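I have placed the structure first, in the form of structure tokens, so that the comments after it can refer back to it.
No value in this document is a laboratory result; all are computed from the given coordinates. The model shown is predicted, which means the values in this text are computed figures rather than measured ones. Backbone-built Cβ (ideal geometry, glycine too); neighbour counts: all protein chains shown.
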Amino acid sequence: MHKVPRLWRDFCWLAVMFVWSNMVMSQVVSSFAPTGELRAAINLGNPILAKNDPATGQPVGVSVDLARLLAQRLGVPLKLVVVDAAGKSVDAVSSEQADIGFFAIDPVRGAAIEFTAPYVLIEGAYLVKQASPLQRNDEVDQTQHRVVVGKGSAYDLFLTREIKHAQILRSPTSPTVVDYFVEHGADVAAGVKQQLEADAQRVPHLRLLPGHFMVISQAMGLPKSRGAEAAAYLHRFVEEMKTNGFVKEALTRHRVEGATLAPLVKP
């Protein structure tokens, strides 16, 4: 019996691996984009992630950049599903009206969404009236206080679990928190530190309490139904974008303050 030359065996092995890897990648693409395009939920309610470009009226930001690059990697068109609140973004991905989204990691959301490791960390802060007696974050949770937070936001989910005495009021979206806080004469507004700082410049006689009451781990996510291969691919994509400087450069390019690059996480 003639032995098969080693070169031929190696060639056959490489051919099999090439076909197998193409099949796996094809399955991954189908998992991400079952409609033929990658539908990315973009939340304009968090200015650290995305906002409308005043010159073009189009969404821009770190999340838009990541979605665009992922679509290019997968070789499919990108469709932005633009919403104005985190809860709507969660609903879009949970109901598979969108294929990916950008979320604060939270166990409630994790029931339907598979998260990557975080790519940025964002501070959540409290804002009060200038004349408020409150000076520290740990003074907020008292029976006489009313705290306003964006409905369905990560801050809403966190404070719903953690606040034991204060009353929580929910504005329609995170960007409307401060106006709702002023209109209803509440004691505290809670949300993205950067957004609250901008609102304190816009609305007189307001101040932020020092530090933060929580740190948001901002990640990418996809419906859990899309499978382990797609989830692993998205995890590797996020870690690569942190490693190669893409996320850090995007934060700089979009002049984002109040967010820091998340630590690397091994597969």
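Laid out as a table, the results:
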{"read-out": "Expected-Rg normalisation [2.2 N^0.38 Å, Cα atoms] applied to the stretch 27-82", "value": "1.17"}
{"read-out": "Residue exposure sequence - Asp106, Asp99, Asp141 - by fewest surrounding Cβ within 10 Å", "value": "Asp141, Asp106, Asp99"}
{"read-out": "GNM flexibility winner over the chain from Ala190, Ala111, Ala50 (Cα, springs under 10 Å)", "value": "Ala111"}
{"read-out": "Candidates Ala232, Ala98, Ala33: whichever shows maximal mean-square fluctuation once the chain is modelled as a Gaussian network with Cα springs under 10 Å", "value": "Ala232"}
{"read-out": "Choice from Gly101, Gly57, Gly221 with maximal GNM fluctuation in the chain (Cα, 10 Å cutoff)", "value": "Gly57"}
{"read-out": "Fewest-first ranking of Val148, Val140, using other Cβ atoms within 10 Å as the exposure measure", "value": "Val140, Val148"}
{"read-out": "Greater than 26 Å apart at Cα, pairs in Lys88/Lys129; Lys193/Lys224; Lys151/Lys193; Lys129/Lys242", "value": "Lys88/Lys129; Lys193/Lys224; Lys129/Lys242"}
{"read-out": "Whole-number Å³ per residue for the convex hull built on Cα positions in the stretch 206-250", "value": "139 Å³"}
{"read-out": "The chain: angle of helix 228-243 to the longest principal axis, Cα-based, in degrees nearest 10", "value": "70 degrees"}
{"read-out": "Rel. contact order, % - alpha carbon contacts under 8 angstrom, at least six apart, the chain", "value": "24 percent"}
{"read-out": "Loop-located GluC sites (Glu not before Pro) in the stretch 193-267 whose Cβ has at most 13 other Cβ within 10 Å (DSSP)", "value": "Glu257"}
{"read-out": "Residue exposure sequence - Met214, Met220 - by fewest surrounding Cβ within 10 Å", "value": "Met214, Met220"}
{"read-out": "Option label - semi-axes √(5λ) of the Cα gyration tensor in Å computed here, alternatives (1) 43, 17, 16; (2) 26, 23, 17; (3) 32, 21, 18", "value": "(1)"}
{"read-out": "Cleavage-rule hits (GluC sites (Glu not before Pro)) in the stretch 112-180: DSSP loop, at most 15 neighbouring Cβ within 10 angstrom", "value": "none"}
